[in-house]
Each structure stands twice: as C-alpha cells, then as structure tokens.
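Single-structure report; data block below.
The values are calculated or read from the model by the stated rules, or taken from the named source; none is laboratory data. Since we're looking at a predicted model, the values are computed, not measured. Backbone-built Cβ (ideal geometry, glycine too); neighbour counts: all protein chains shown.
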Amino acid sequence: MDYQILYPGAFPLLQVQLQSGESIKAESGAMVSMSPNIELKGTADGGLMRGLGRMLSGESFFFQELLSVGRHGEATLAPSSPGAIEAVELDGSYKLLVQKDGFLAGTSGIEVNTKMQNLGRGLMSGEGFFIVEISGRGTVFLSSYGGIHAINLEAGQEVVVDNGHLVAWPDYMRYDIEKASKGWVSSFTSGEGLVCRFRGEGVVLIQTRSPKSFGEWIRPYIPGGRS
C-alpha cells in the first residue's frame, strides 16, 4: 500500500492509495474522505472479547475498515487531536506497546489487542491496567498530541520519560515506573510525580506535548473551570 503523510506538523493528514481488493483499518471516525468505490464498514476485528479489551485500554470497540472495490481508490484519514502521524513498519518479530489514543490505522496484516499491566504498573502509570498491543506484519500509523520524537537507545543505555509524553515502545524493552526524584515530596513538588525508566536497546517514541498538562492549563479559561 502506498501512502503519504500530508501537512506534517500540528494538523497532518494520512493519504493512502488502495489497489483493488486492498484494505486498511482505522480508528473509529478517522476517515476524512474516500473515493466512491471504497466500501466503509465498522468491524470489531477479532470479535467481542478483543473489542472489549480495546475499550479497556481507551480505544474504540469498533474499527472502521476501508476496502477498495473494482479499481484503485484513495482515502484520507486524520486523528481527533492536533499532533503528528508516524508510520512504523512491523516485521512480526516483536509487538509494539502504545499509549491509549495512539493507534490511528494499520494495514491488513496488523492486529490491535490489549495487554494487561501488572498491578504496580497499572496503579502508578496513569494509563490504567490495560495498554494497546500491536502485532503482525505491515505498517501501523500512530498519532500523538504534539510532535513525535524517537529516542534511540543502545544496549545498556537508559532514559527517563514523563508518563504523559509516552507514545510507543517495543515489548522487548525493559522499563520501570518510579518517582521522578529521590523523595516523594520532591517528586510531586517538581510537577513530575512518576516517570518511566527505559533500558536499551530499542526505540522509545515520545510526544512533545502532554494532554493532561494542556487540560490543566486550559481549565481556568473554560466557563465554570477552576484555576
């Protein structure tokens, strides 16, 4: 499948070219435009249990599937929030763990499931007990709030990331959730609280803005909001 990410930056658009019989699945509501020969339908993709699992991880129960019928077709897709779109190629050798709302679309060989975190990570991560798990062979398109930056770690290297800025990371990477500073008081007065410490090798994708921080910033300007 050929694709192009148009208008990279805050308001990108994913344009895909589908040959006859070719399809792509996307997050519910992602379609912006499509050729008249493309059939659009909602699908649970994997049945009831997988659909419920995706809901627990913050994704939609249904996907939308776009299938080109009879001839070549073109479609455009967009995420619901302002931010980047990043394409990641999966070869089937590992799974990609993604924050909630991070999945935009994937080719037909991509499977989107949920992974249950252990008790400690679920309570402390801020993302809950379930995160999105993407596997298979093909191209997955991720969306973020803000731009996407890749941190490449060699074997033995470490990086500390604020939880609210995580987008995705491979399942073979080791990571721990810990307080930002040595003491709890210092961690919370610094405005950071809890962070993730990743150990390489591997690539961690982070977003340049945090939805939670933006919500706290804009709240005083909303009628009825609190400062």
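Step by step: first the residues of the range 97-111, then only those that are hydrophobic (A, V, I, L, M, F, W, C) and under 26 Å from residue 68 (Cβ atoms), then the one that is nearest to the chain's Cα centre (by Cα). Which residue is that? The selected residue is 103. The residue that is modelled with the lowest pLDDT, counting only those in the range 113-144 that are of a type in the set (A, V, I, L, M, F, W, C), farther than 15 Å from residue 93 by Cα and in a strand (DSSP E or B), is 116. Which members of the range 134-152 meet the condition of being among the aromatic types (Phe, Trp, Tyr) and under 22 Å from residue 111 (Cα atoms)? Result: 141, single match.
Give the range 156-181 a look and list any residue that's among the hydrophobic types (A, V, I, L, M, F, W, C), surrounded by 15 or more Cβ atoms within 10 Å (Cβ to Cβ) and at pLDDT 75 or above, or say none. Walk me through how you get there before you give the answer.
Kept after step one, since they are among the hydrophobic types (A, V, I, L, M, F, W, C), are these residues of the range 156-181: 159-161, 166-169, 173, 177, 180.
If we keep only those that are surrounded by 15 or more Cβ atoms within 10 Å (Cβ to Cβ) as well, we get 159, 161, 166-169, 173, 177, 180.
Matches in the range 156-181: 159, 161, 166, 167, 168, 169, 173, 177.
Please go through the range 182-219 and pick out each residue that is part of a loop (DSSP other than H, G, I, E, B) and either modelled with pLDDT of 60 or more or closer than 24 Å to residue 150 by Cα (or both).
Keep residues of the range 182-219 that are part of a loop (DSSP other than H, G, I, E, B), which gives 182-183, 190-193, 200-201, 208-210.
If the condition is that a residue be part of a loop (DSSP other than H, G, I, E, B) and either modelled with pLDDT of 60 or more or closer than 24 Å to residue 150 by Cα (or both), then 182, 191, 192, 193, 200, 201, 208, 209, 210 are the ones that fit.
Out of 65, 39, 74, 86, one residue alone is at pLDDT 90 or above, charged (D, E, K, R), closer than 17 Å to residue 136 by Cβ and not in a loop (DSSP other than H, G, I, E, B). It is 65.
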